[in-house]
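Written out below as structure tokens is the structure these notes cover.
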Amino acid sequence: MQTAANLFVALTALLHIGFLILEMLLWTKPFGRKVFRNTPEKAEITRVLAANQGLYNGFLAAGLFWSLLHPDPVFAVQLKLFFLVCVGVAAIYGAWTVSPRILLVQGGPAFLALLFVFLGM
């Protein structure tokens, strides 16, 4: 179970690195606009907000990577639980306020990781 948990934690962290890149670097570029279904005007107006959001996604990724690298297994599990719950709450809020698709894309891997972390305890 621990291997599956770690794989889904890593996947969740990598996805959040991807969100960081999309929101901080590609928001106003054609690919970023396509992913988030933005017009050039809307993307430019919301650029700073998106970059801030991307930074927070980077913090979530950093915490998840930290949980994978921490040498104390008990503390590592606590880190995983904390950061995965943060991702889950963000996914639920995003699904409620922006698009239900967020629950699957952002929340799905995190919820699976949480399941495997709990099963491995």
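Among the residues making up segment 33-65, a single one is in contact (Cβ under 8 Å) with a residue 12 or more places away in the chain and loosely packed, with under 12 Cβ neighbours inside 10 Å: P40. Of all residues in segment 1-30, those satisfying the criterion of being of a type outside the set (A, V, I, L, M, F, W, C), surrounded by fewer than 19 Cβ atoms within 10 Å (Cβ to Cβ) and over 17 Å from L104 (Cα atoms) are Q2, T3, N6, T28, K29, P30. Pairing residues of segment 10-32 that are without any contact (Cβ under 8 Å) to a residue 40 or more places away in the chain with residues that are of a type in the set (K, R), at Cβ distances under 9 Å and at least 6 apart in sequence or on separate chains, gives L26/R33; W27/R33; W27/R47; T28/R47. Could you list, in sequence order, the residues of segment 88-104 that are part of a helix (DSSP H, G or I), aliphatic (A, V, I, L, M) and either at pLDDT below 95 or crowded, with 18+ Cβ neighbours inside 10 Å (or both)? If the condition is that a residue be part of a helix (DSSP H, G or I), aliphatic (A, V, I, L, M) and either at pLDDT below 95 or crowded, with 18+ Cβ neighbours inside 10 Å (or both), then A90, A91, I102 are the ones that fit. Could you please let me know if L68 is of a type in the set (A, V, I, L, M, F, W, C) and surrounded by 19 or more Cβ atoms within 10 Å (Cβ to Cβ)? Judged against the criteria, L68 is not a match. Being within 16 Å of A5 (Cβ to Cβ), over 15 Å from the mean Cα position of the chain (by Cα) and either modelled with pLDDT of 95 or more or not in a helix (DSSP H, G or I) (or both) holds for only one residue in V85, V77, V48, and it is V77.
The values are calculated or read from the model by the stated rules, or taken from the named source; none is laboratory data. Just so it is clear, the model here is predicted, and its values are computed rather than measured. Note that each Cβ is placed from the backbone with ideal geometry, even for glycine, and that neighbours are counted across all protein chains shown.
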